[in-house]
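Asks: One structure coming up, written as C-alpha cells, with questions to follow.
Derivation of every value follows stated rules applied to the coordinates shown; laboratory data play no part. Small disclaimer: the values here were computed from a predicted structure and weren't measured. Methodologically, a virtual Cβ is constructed for each residue, glycine included, from the backbone with ideal geometry; neighbour enumeration extends over all protein chains shown.
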C-alpha cells in the first residue's frame, strides 16, 4: 500500500495498493495480445493514433495540469505548458515517424540487402515524478509509432498521473496499447525478467539507474537510462553578465529546481565573479517560493545545503526551511571561492544555485568536468564561435549550449554520459532505440 500526498498541504490525496503477481500476469497477457494486433497495424494508422493522442492531451490539459499540482506541486500554468509540449511531440513523431521507419536499401555482398525498422514488443517504462507526462511521452510517442506496446510503472508520488495517462490513451485505438501498473520494486525487477518484455527505459536517480540496469541485465534487456545531472555553466570574462545571470537563474529554477537538466553549477571566471554573483542574487530573489514534491525532499535538500556550508559555501540567499505547512524551500544562492568535491559529487534537486570562482578558463572547464555526471552544460560568452568550440572540445556532456540553458526538444537527441546514463531519447536517434533494426538480405 502507498499514498500520494499534496506537497503544499501534507494531506493524503489517495491510497493505492500494489498489484498482486497474478494481477500482473493478467496485464502482461493482455498487453501481449494487444501487441500482436498493434505491431501489424499499418504505419499510417499508427500515425493517426498518435495524432489522436495529441488531441486528447490538448483537450484535457487543464485536468492533467491540476493532477500535477495536486500530487507534486507544479503550478497549473507550468503543467499546461508541459502538456502542450507533450502534444507537440506527438505531432512531431506522427509526422516524422513514417520517414524514420522507411526501409533503407544498402548495397552489400548480397544480390539485395536492406535495413528495416520493426517493433520489439512490450517495453517496460519506469517514470519519475518531476515531469509526470513529458518524461513518459518523450519515450512513448516514438514507441507507439514504432508499434510497441508499453507497460508503465509511474513514480508512487504521481500515481494519479499514471492513471490519467492510461485513461487518455484508452480510446485512441481499438486495443489498449498503454498499461499502467502499480508495482513495487521487487515486482518491477521480476517484470524485467519476463520474455514478453523486450526493453526497459528508466528516468530517475543514478542509484535507481544502477538498480534497473542490474535487473535488466539479468534478463538481457535493452535499456535506455536517463539519470541525474549536475549541469555546469561556465561564465567567461567576455560574457554579458546581465543576460547570463537572467538565463542561469531561469535555468536553475525550472520546475522549482527539480529537474535533471536544470542548471546547477555556475563557474564564473574571476574577472566577472563578483558581478555575476550580485546579478544572480537579484534574479533569484524575484522567484516565488513553491513546494518541493514531498517533505522528504525538503529535508534532504536542507542537509545538502548544510553539508555545502561545511565545505566552504557561503549562503547569500535562502538556505533554510521556512516555517509553516508544506514542503516549501526558498530560492537559495551559495557562493564558493574555490572548488570542493561536495559541490559536484551530489545532485541538488531543488532551487539551490551554486556559484564557484575560477582563476582561469582552463580551471573552469576542469571544474565543469569534475562531476561524475555528464548530462548537459553550457558557456556564456560574447564570442559565440569560440564559445561553441569550447563546449564541443572541452565539455564532457551529452547536450551543450552557448548563451542559453539546456531544454529538451523532440527534434534533438537527448541523453547523457558517465553517471547520467546511456542511450538517447527524442529525434531520429531516440526513435530507433526501441526498434528491432532488422537486416534483410537475398542471395543470387
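Asks: Please work out the Cα center distance from the stretch 111-187 to the stretch 337-351, rounded to the nearest Å.
Replies: So the two Cα centres are separated by 34 Å.
Asks: Among 128, 331, 107, which one shows the highest mean-square fluctuation when the chain is modelled as a Gaussian network with alpha-carbon springs under 10 Å?
Replies: 107
Asks: How high is the FRET efficiency from residue 211 to residue 444, r the C-beta distance, R0 45 Å, rounded to 0.05? Display every interim value, and only then the final one.
Replies: Numbers: r = 50 Å, r/R0 = 1.12.
After rounding, the FRET efficiency stands at 0.35.
Asks: Pairs of alpha-carbon atoms within less than 8 angstrom and 6+ residues apart define the contacts here; what relative contact order does the stretch 232-409 have, in percent? Don't skip to the answer; put the middle values down first.
Replies: Details: 355 pairs, mean separation 52.7, N = 178.
Relative contact order for the stretch 232-409 comes out at 30 percent.
Asks: Continuing with this model, one more query. Can you give me the angle between helix 295-310 and the longest principal axis of the chain, using Cα atoms only, in degrees from 0 to 90, rounded to the nearest 10?
Replies: With rounding to tens, the tilt is 40 degrees.
Asks: How would the stretch 232-409 be classified by its alpha-carbon gyration tensor: rounded, prolate or oblate, with rounded meaning a/c under 1.5 and the a/b versus b/c comparison settling the rest? Can you show the working numbers first?
Replies: Numbers: a/c = 1.66, a/b = 1.60, b/c = 1.03.
Prolate shape, in that a/c is at least 1.5 and a/b is the bigger ratio.
Asks: Sticking with this one: Ranking request for peptides 210-216, 418-424: highest mean number of other beta-carbon atoms within 10 Å first, then the rest in descending order.
Replies: On the way: 210-216: 18.0, 418-424: 21.7.
Answer by packing, highest mean first, reads 418-424, 210-216.
Asks: Quick check: Cα centre of the stretch 244-278 to Cα centre of the stretch 1-63, how many Å?
Replies: 36 Å
Asks: Turning to a different aspect of this structure: Springs between alpha-carbon pairs under 10 angstrom, Gaussian network model over the chain: which of 344, 294, 185 fluctuates most?
Replies: Maximum fluctuation in the GNM of the chain, among the listed residues, is at 185.
Asks: For residue 77 and residue 175 in one chain, what is 0.36 nm times their gap in residues minus the Cα-Cα distance, to one decimal in nm? Walk me through the numbers before you get to the answer.
Replies: Numbers: separation 98, 0.36 × 98 = 35.28 nm, distance 3.29 nm.
Full-extension gain reported as 32.0 nm.
Asks: Here's a follow-up. Rounded to the nearest 10 degrees, what's the angle between the helix 206-218 long axis and the longest principal axis of the chain, both from Cα atoms, 0 to 90?
Replies: 20 degrees
Asks: Over the stretch 296-350, what is the relative contact order in percent, taking alpha-carbon pairs closer than 8 angstrom and at least six residues apart? Write out the running numbers ahead of the final one.
Replies: Details: 58 pairs, mean separation 21.0, N = 55.
Relative CO of the stretch 296-350 lands at 38 percent.
Asks: When only Cα pairs under 8 Å and 6 or more residues apart are kept, what is the percent relative contact order across the chain?
Replies: On the way: 992 pairs, mean separation 78.9, N = 444.
Answer for the chain is 18 percent.
Asks: Please determine, in degrees from 0 to 90 and to the nearest 10, the orientation of helix 21-38 with respect to the longest principal axis defined by the Cα atoms of the chain, where the helix direction is its Cα long axis.
Replies: Between the helix axis and the principal axis of the chain, the angle is about 70 degrees.
Asks: Just 342, 245, 353 to compare: in a GNM of the chain, with alpha carbon springs under 10 Å, which one fluctuates most?
Replies: With Cα springs under 10 Å in the chain, the top fluctuation among 342, 245, 353 is at 342.
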